[in-house]
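Chemist: First, the structure itself, so that you have it in front of you.
The values are calculated or read from the model by the stated rules, or taken from the named source; none is laboratory data. On a predicted model such as this, the values are computed, not experimentally measured, just so you know. Glycine gets a Cβ as well: all are built from the backbone with ideal geometry, and neighbour counts include every protein chain shown.
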Amino acid sequence: MDQSALEQIIVCPACKKPMQFRDDIFKCTDAGCNATYPVFNGIPILINPQNDLFEQKDFEVEGDIFFKTYNNKTIRFLKKVQPDITYNNVSEKNYQDMAFLLQGQKPLRILILGGSVDGVGIKHLKQILDTDDMLVETDVSYGPNTTVICDAHEIPFADESFDLIIAQAVLEHVLDPFQCVREMHRVLKNKGLIYAETPFMQQVHGGKYDFLRFTHLGHRRMFRKFNEISSGVVAGAGSALVWSLKYFLTSFANTKKVDRILSYGGTFLFFWIKYFDIILNKSTGTIDAASGFYFLGRKEEGYLLSDRELLASYRGFRYSAEE
Ligand SMILES: [Zn+2]
């Protein structure tokens, strides 16, 4: 990726004015703002100095902000051999669809929020990228992919910079997902694509960084300024049941050690139930009971899904009061 092309679209996250890059420091050109941003090990730390949650200096030591790395050998072994408790055969297909929709548009500019590590199925998108394309993988943690540190509430890029923006299993971990989606809308080009996956029936999995869940329609409404290409279940009620059984077990824990044992025990005891989703991921009834949902849409200037249209798009079988 061309580093100077990236520098050209970076703006001050605080005031969105252009920045000057000199001596490994980004400096806001707005006289009233004057904020500065360091670059640490080649990675710009574009966190607003006024940010309430994250500080720039948090990122000047490489450590665990979100994902924990374990030193204990047993835990490392268990983490490696444990089966996934979610049956997701949907993301791969969605990334293939995105790759198809972006065909012929070169060079591509793609922004990934929460992209420090690869999301499920993203390799199908990455394999269409070549050296002229720009892939900006941002996060509030360091991982093998992190190219920029930024907070999704204040995206440090100029308006209409990207052809595709991805937030896969991210919006449940931010304090104000609606603000993040407004920012995604701002930095997306007109006719650009947006893709999000967000859980519905999933227990707390990001420790303290875990705040919200969405129904299919609740999720759709968050993206009401985008025209829908497709949306639906990422993993069905089978995966949701594995999660529930596992967390039913861990609910008995009073110490971290017992929690660990019950957590791995629950995974190995119940993971097989996820295979019901081979059937359930395609059934209509699962829309009211799914583990999570995705939304793939397109920015169209002036488009707004009305709430009447939103409710008319309900696909499930649950009755409402007037029936
Ligand atoms: Zn500024």
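Chemist: Quick one: is Y294 in the same structural domain as E228 (by TED's automatic domain parsing), buried (at least 16 other Cβ atoms within 10 Å of the Cβ) and closer than 25 Å to E160 by Cβ?
Modeler: Yes; evaluated as a whole, the condition is true for this residue.
Chemist: From the list M184, M222, exactly one residue is assigned by TED's automatic domain parsing to the domain that holds M98 and surrounded by 23 or more Cβ atoms within 10 Å (Cβ to Cβ). Which is it?
Modeler: When all the criteria are applied, what remains is M184.
Chemist: Has segment 175-198 got any residue that is over 24 Å from E92 (Cα atoms) and small (G, A, S)?
Modeler: The answer is no, given that none of the residues of segment 175-198 is over 24 Å from E92 (Cα atoms) and small (G, A, S).
Chemist: May I ask you to verify whether D259 is assigned by TED's automatic domain parsing to the domain that holds A169 and either assigned to a strand (DSSP E or B) or more than 26 Å from C180 (Cβ to Cβ) (or both)?
Modeler: For D259, the condition - assigned by TED's automatic domain parsing to the domain that holds A169 and either assigned to a strand (DSSP E or B) or more than 26 Å from C180 (Cβ to Cβ) (or both) - is met.
Chemist: Go through segment 156-173 residue by residue and tally those that are of a type in the set (V, I, T) and surrounded by fewer than 23 Cβ atoms within 10 Å (Cβ to Cβ).
Modeler: Number satisfying all stated conditions: 1.
Chemist: Could you check S231 against (1) outside any helix (DSSP H, G or I); (2) modelled with pLDDT under 95 and say which number it fails?
Modeler: Single failed check for S231: (2).
Chemist: Please work out if V136 is crowded, with 18+ Cβ neighbours inside 10 Å and either in contact with a Cys (Cβ under 9 Å, 6 or more places away or on another chain) or closer than 30 Å to N48 by Cα (or both).
Modeler: Against the criterion (crowded, with 18+ Cβ neighbours inside 10 Å and either in contact with a Cys (Cβ under 9 Å, 6 or more places away or on another chain) or closer than 30 Å to N48 by Cα (or both)), V136 qualifies.
Chemist: What are the residues in segment 1-17 that are under 26 Å from P107 (Cβ atoms) and near the ligand (Cβ under 9 Å from one of its atoms), if any?
Modeler: Result: V11, C12, P13, K16, K17.
Chemist: Now, a different point. Which condition from (1) under 22 Å from D118 (Cα atoms); (2) surrounded by fewer than 18 Cβ atoms within 10 Å (Cβ to Cβ) is the one that I278 breaks?
Modeler: (1)
Chemist: I would also like to ask the following. I'd like the residue in segment 42-84 that is under 22 Å from the mean Cα position of the chain (by Cα) and either within 16 Å of the ligand (Cβ to nearest atom) or modelled with pLDDT of 95 or more (or both) and, out of all such residues, is surrounded by the most Cβ atoms within 10 Å (Cβ to Cβ).
Modeler: Taking the candidates together, the pick is L46.
Chemist: State all residues of segment 27-41 that are within 11 Å of the ligand (Cβ to nearest atom) and either in a loop (DSSP other than H, G, I, E, B) or in contact with a helix residue (DSSP H, G or I) (Cβ under 8 Å, 6 or more places away or on another chain) (or both); if no residue qualifies, say none.
Modeler: Those that are within 11 Å of the ligand (Cβ to nearest atom) and either in a loop (DSSP other than H, G, I, E, B) or in contact with a helix residue (DSSP H, G or I) (Cβ under 8 Å, 6 or more places away or on another chain) (or both): T29, D30, A31, G32, C33, N34, A35, Y37.
Chemist: Something else: Working carefully through the options L305, L311, find the one that is assigned to a loop (DSSP other than H, G, I, E, B), touching a residue at least 12 places away in the same chain (Cβ under 8 Å), farther than 16 Å from M201 by Cα and of a type outside the set (G, A, S).
Modeler: The match here is L305.
Chemist: Name every residue in segment 236-278 that is touching a residue at least 24 places away in the same chain (Cβ under 8 Å) and polar (S, T, N, Q), in order of residue number.
Modeler: S239, S244, T267
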